[in-house]
Amino acid sequence: MADLAKIVRTFGPDYCAQYGKRMPPSHLRALSDIGACRTEVFGGHLAQCDHCGHQRYTYHSCHNRSCPQCHTGDRRRWLDKRQMELLPIPYFHVVFTLPEELQPIVRRQQKALYAVLFKAAAEALHTLCSDPRYVGGEIGSLAVLHTWTRQLHYHPHVHCLVTGGGLTNNGDWCSARKKYLIPVAALSQLFRARFMALARTACPDEPFPESVWKKSWVVYCKPAVQGSKNLLDYLGRYVHRIAIGNSHILGVNKEQVSFTYKDSRDNHWKRISLPGEEFLRRFLQHVLPRGFHKVRYYGLFSPRNKTRLRHVQWGLSLQEESRQIETETKTAETGGGPHPSACPKCAEGLMLIISWIPRANRGPPG
């Protein structure tokens with residue numbers, strides 16, 4: 001079976017031997033964890049059915065956020081929490097993209113400049129939205145970092161879910177126009193200025209090219225016509241998702257890796273084959289620095305504004321809708337389908353853990 005773990009086990013040792021001294025710790029740890037995920041390295045447990053006595057050994061997951069085998073339930077839990085915070089209003093989808101000239105610098109200074117990307121996008125967005133000519137109040141925004149293209153090339157940008165309205169200083173809610181939030185050209189220029197100012201402060205020794213001032217930076221801003229919940233679900237795919245999932249990997253041999261991707265130009269699925277070393281290089285570009293948060297919340301969605309957000313929800317008559325969402329969520333979680341611990345053999349008993357498999361000793365990553 002072709003999966004990312006097999007790719008790492010096949011090409012990882014040679015890759016680390018060649019580049020290990022130059023690789024950041026997060027990359028070494030990702031390869032180490034993914035290659036050992038659900039093996040004896042992480043230990044496991046023995047479960048036994050309390051009805052028929054059927055036994056099953058299970059190895060534990062690595063829980064590395066770059067592993068495609070982990071975090072299946074995390075996305076659902078994250079979406080449930082965010083849906084409880086949605087307001088009954090229109091939303092906008094805003095995307096901030098860095099120009100190609102900056103990509104090598106951002107790749108070298110990921111932790112510092114990803115943070116700058118978030119901050120510059122949020123400041124530009126919230127500054128323009130506070131202008132009475134557009135929204136005239138404090139908006140709420142949720143930002144998710146995305147660094148890859150469908151062929152695993154490096155392409156850092158931020159997706160934002162933005163409220164179609166804001167809270168004024170008097171506590172009144174002012175709605176944005178139905179299909180217009182703020183002028184994109186002005187947003188692009190403000191984003192460029194804020195990013196470059198913050199980046200030069202964060203990385204004073206980096207030679208930022210002057211050519212970035214001579215081009216318009218790509219900023220996308222459109223109403224979420226598919227609905228706020230669908231847009232939130234779309235963003236949720238990137239919160240607990242890595243650059244490539246196992247379902248897209250077609251095959252692995254001693255020399256190369258084949259996988260599928262959807263070409264946005266013609267909307268057709270296509271196949272690509274890469275040497276194993278090149279595949280790992282592209283994949284590791286998207287492993288984030290340890291401890292870096294790829295989702296951030298601003299304005300009304302900021303954790304410090306939870307009370308204000310609740311007041312806005314009440315003022316917009318969201319209480320009944322929140323109760324309905326909560327009821328539907330609990331029903332989806334508890335109703336229908338077999339119990340997650342049901343015995344696969346008799347389907348009547350539950351699989352209960354009766355002993356633990358200790359972890360195997362392993363050396364440091366790489």
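Do we have VAL106 as on the phi < 0 side of the Ramachandran plot and touching a Pro at 6+ places or on another chain (Cβ under 6 Å) here?
Details: on the phi < 0 side of the Ramachandran plot: yes; touching a Pro at 6+ places or on another chain (Cβ under 6 Å): yes.
Yes.
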_Residues that are more than 18 Å from ARG308 (Cα to Cα) and at pLDDT 85 or above, drawn from the range 80-93_ = PRO90, TYR91, PHE92, HIS93
*asked:* Return the pair list, or none, for Cβ contacts closer than 8 Å from residues in the range 55-78 that are touching a residue at least 12 places away in the same chain (Cβ under 8 Å) to residues that are among the acidic types (Asp, Glu) and open to solvent by 30 Å² or more (accessible area, probe 1.4 Å), at least 6 apart or on different chains.
replied: TYR59/GLU40
*Positions within the range 70-122 being farther than 30 Å from CYS203 by Cα and of a type in the set (A, V, I, L, M, F, W, C), in sequence order*: CYS70, TRP78, LEU79, MET84, LEU86, LEU87, ILE89, PHE92
_Considering only residues that are under 23 Å from the mean Cα position of the chain (by Cα) and of a type in the set (D, E, K, R), which ones fall in the range 1-60?_
ASP3, ARG29, ASP33, ARG38
*Please work out which one of (1) among the hydrophobic types (A, V, I, L, M, F, W, C); (2) within 30 Å of GLY171 (Cβ to Cβ); (3) modelled with pLDDT of 50 or more; (4) open to solvent by less than 90 Å² (accessible area, probe 1.4 Å) is the condition ILE325 fails and give its number.*
(3)
*State yes or no: is HIS157 under 22 Å from ILE244 (Cα atoms), open to solvent by less than 20 Å² (accessible area, probe 1.4 Å) and under 19 Å from the mean Cα position of the chain (by Cα)?*
yes
*asked:* ASN267 - would you say it is open to solvent by 20 Å² or more (accessible area, probe 1.4 Å), farther than 13 Å from ARG150 by Cβ and of a type in the set (S, T, N, Q)?
replied: no
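Touching a Gly at 6+ places or on another chain (Cβ under 8 Å) and either without any contact (Cβ under 8 Å) to a residue 60 or more places away in the chain or within 17 Å of ALA199 (Cβ to Cβ) (or both): is that true of SER130 in this structure? Before the answer, list the steps.
Working: touching a Gly at 6+ places or on another chain (Cβ under 8 Å): yes; either without any contact (Cβ under 8 Å) to a residue 60 or more places away in the chain or within 17 Å of ALA199 (Cβ to Cβ) (or both): yes.
Yes.
Return the only residue of THR97, THR147 being β-branched (Val, Ile, Thr) and within 15 Å of the chain's Cα centre (by Cα). Can you show your working first?
Values: THR97 fails: within 15 Å of the chain's Cα centre (by Cα).
Criteria check complete, one pass: THR147.
Of LEU235, LEU231, LEU167, which residue is more than 20 Å from the chain's Cα centre (by Cα) and surrounded by 15 or more Cβ atoms within 10 Å (Cβ to Cβ)?
Details: LEU235 fails: more than 20 Å from the chain's Cα centre (by Cα); LEU231 fails: more than 20 Å from the chain's Cα centre (by Cα).
Only one candidate passes the filter, namely LEU167.
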*Taking the range 243-253 as the search range and keeping residues that are assigned to a loop (DSSP other than H, G, I, E, B) and open to solvent by 20 Å² or more (accessible area, probe 1.4 Å), which one is farthest from ASP3 (Cα to Cα)?*
ASN253
*Only residues in the range 194-218 that are of a type in the set (S, T, N, Q) count as the first member; pair them with residues that are open to solvent by less than 70 Å² (accessible area, probe 1.4 Å), Cβ under 6 angstrom, at least 6 apart or cross-chain, and list the lot.*
SER211/GLU101; SER216/SER188
*asked:* What's the total number of residues in the range 254-264 that are more than 16 Å from THR149 (Cβ to Cβ) and open to solvent by 20 Å² or more (accessible area, probe 1.4 Å)?
replied: 3
*When the residues of the range 19-51 are filtered to those that are open to solvent by 50 Å² or more (accessible area, probe 1.4 Å) and more than 27 Å from GLY291 (Cβ to Cβ), which remaining residue is modelled with the lowest pLDDT?*
GLU40
*Grab the helices (runs of 4 or more DSSP H) fully contained in the range 50-156, keeping just those with 2 or more residues being closer than 30 Å to LEU300 by Cβ and of a type outside the set (Ser, Thr, Tyr).*
74-83, 110-129
_PRO204 - would you say it is surrounded by 15 or more Cβ atoms within 10 Å (Cβ to Cβ) and modelled with pLDDT of 95 or more?_
no
*asked:* Considering only the range 173-184, I want to know if a residue exists there that is in a strand (DSSP E or B), in contact with a strand residue (DSSP E or B) (Cβ under 6 Å, 6 or more places away or on another chain) and of a type in the set (Gly, Ala, Ser).
replied: yes
*asked:* Being open to solvent by less than 10 Å² (accessible area, probe 1.4 Å), touching a residue at least 60 places away in the same chain (Cβ under 8 Å) and under 17 Å from VAL158 (Cβ atoms) is true for just one of LEU181, LEU284, LEU190, LEU288. Which residue is that?
replied: LEU181
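The values are calculated or read from the model by the stated rules, or taken from the named source; none is laboratory data. Keep in mind that this is a model prediction, so the values were computed, not measured. All Cβ positions, glycine included, derive from the backbone under ideal geometry; neighbour counts span all protein chains shown. Ligands, DNA and RNA are excluded from the accessible area calculation, which covers all protein heavy atoms including side chains. Shrake-Rupley method; radii C 1.70, N 1.55, O 1.52, S 1.80 Å.
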